[in-house]
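Right, one structure below, let's go through it.
The values are calculated or read from the model by the stated rules, or taken from the named source; none is laboratory data. All values reported here derive from a predicted model rather than from experimental measurement. Here the Cβ is made from the backbone with ideal geometry for all residues, glycine too, and neighbour counts use every protein chain on show.
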Amino acid sequence: MGPLAPILQEYFTAYAVTQRAMSGATIRAYRDTWRLFLAFLSNATQVPAHQLQLAHITPADVVAFLDHLERGRRNGVATRNLRLAAIKSVMAFHASKSPDYLDVIARINAIPVKKGPKPQMTFLTGAEAQALLDAIPTDTWTGRRDRAMFTLAIQTGLRLSEITSLQAADLHLGAAAHVACTGKGRKNRTTPLTIATTTALRTYLHERTTRPGHALFPGPRGDALSADAVQQRLKVHVTRAAASSPGLVGKHVTVHTLRHTAAMRFLEAGIDSAVIALWLGHESIATTSVYLHADMNLKRAALDRTRQPSSPAGDYHPGDPLLAWLQSL
């Protein structure tokens, strides 16, 4: 059946890039999956990772690895399913080259994904978003960079990977100001910028040109910030902002939370969901509909439009229980 090493080498150096055109983020996630899986198999079989054979992978091994992720590493359902997808992808890739192993590969591909509760979507209110930006000190270069970066994130809803991959040339601050990026699935898109965001970025960009590198939001040496670094910077500023904005206390805020915040702002402004899907780079408008479900104000407005003429507008408020009891006497 052959060793695993050349299979993985061909998959990651040729197939994933040239035939599947996977994004860098997907390739890294699949790579990390196999690093974990090989270490798990090596420990279970006492065979060095570079000497593992295809025959060492069985459906039972895959299931045991998934259980290890959940119980030993405390990974969530989403991470478990991502790791399973990475294993299935490599197995499916090699299926045509190993017909004697087709039955085992088919049983691995038949392992079901695990369903779990969908997490509640978190987003910031307008006041919370402003409190976050106001809490970022601007007396240092790092603070001014962070202020510009999170201003852009809150207004445009760019993904974390899109923010870290931006270069200064991707900003167009003249007429019809916008930011261009390569998003999920290697899709190029442009997102318009408001006057306030354009002004903030123009000031930042003037200072940015005095520093090395091409990344729009660089680290100390001019290289693009890592995803972990951006999340850590956001965590620091959210903690500081919570002192003046009680709504942020205990709220788990990530860069993706800022993406949700941008989407909710678009909806509140009355922008059509099809346009929002284009701006956010959603594959389908159905993805955008999750924001419709999360916006209670839109639901209240729809309910008000269906009320009877004799019914007062607004939320229902029950009468005072004591007065109701006296009325019933």
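Structure notes:
- Entry remark, region 168-200: residues being at negative phi and not in a strand (DSSP E or B) number 18 in total.
- Scan region 15-61 for residues that are within 27 Å of the chain's Cα centre (by Cα), part of a helix (DSSP H, G or I) and farther than 26 Å from residue 74 by Cβ and the total you get is 6.
- Of the criteria (1) over 17 Å from residue 10 (Cβ atoms); (2) over 32 Å from the mean Cα position of the chain (by Cα); (3) not charged (D, E, K, R), which one residue 76 fails: (2)
- Residue check for residue 45: under 30 Å from residue 247 (Cα atoms) and β-branched (Val, Ile, Thr): no
- Count of region 93-140 residues which are over 23 Å from the mean Cα position of the chain (by Cα), touching a residue at least 60 places away in the same chain (Cβ under 8 Å), not in a helix (DSSP H, G or I) and not assigned by TED's automatic domain parsing to the domain that holds residue 61: 1
- Residue match in region 141-149 (condition: of a type outside the set (Ser, Thr, Tyr) and free of Cβ contacts under 8 Å to residues at least 12 places away in the same chain): yes
- Test for residue 202: is it in contact with a helix residue (DSSP H, G or I) (Cβ under 6 Å, 6 or more places away or on another chain) and closer than 18 Å to residue 156 by Cβ: no
- Condition met for residue 203 (surrounded by 15 or more Cβ atoms within 10 Å (Cβ to Cβ), part of a helix (DSSP H, G or I), in the same structural domain as residue 151 (by TED's automatic domain parsing) and hydroxyl-bearing (Ser, Thr, Tyr)): no
- With respect to (1) touching a strand residue (DSSP E or B) at 6+ places or on another chain (Cβ under 6 Å); (2) buried (at least 18 other Cβ atoms within 10 Å of the Cβ), the lone exception for residue 214 is condition (2).
- Of all residues assigned to region 255-267, none qualifies as being hydroxyl-bearing (Ser, Thr, Tyr), within 28 Å of residue 230 (Cα to Cα), modelled with pLDDT under 80 and assigned to a helix (DSSP H, G or I).
- Condition check for residue 44: surrounded by 13 or more Cβ atoms within 10 Å (Cβ to Cβ) and either at negative phi or out of contact with any Phe, Trp or Tyr (no Cβ under 6 Å at 6 or more places or on another chain) (or both): yes
- Applying a threshold of 8 Å to beta carbon distances and a minimum spacing of six or more residues, or different chains, the list of pairs starting in region 1-12 at a residue that is under 14 Å from residue 53 (Cα atoms) and ending at one that is modelled with pLDDT under 90 and part of a strand (DSSP E or B) is empty.
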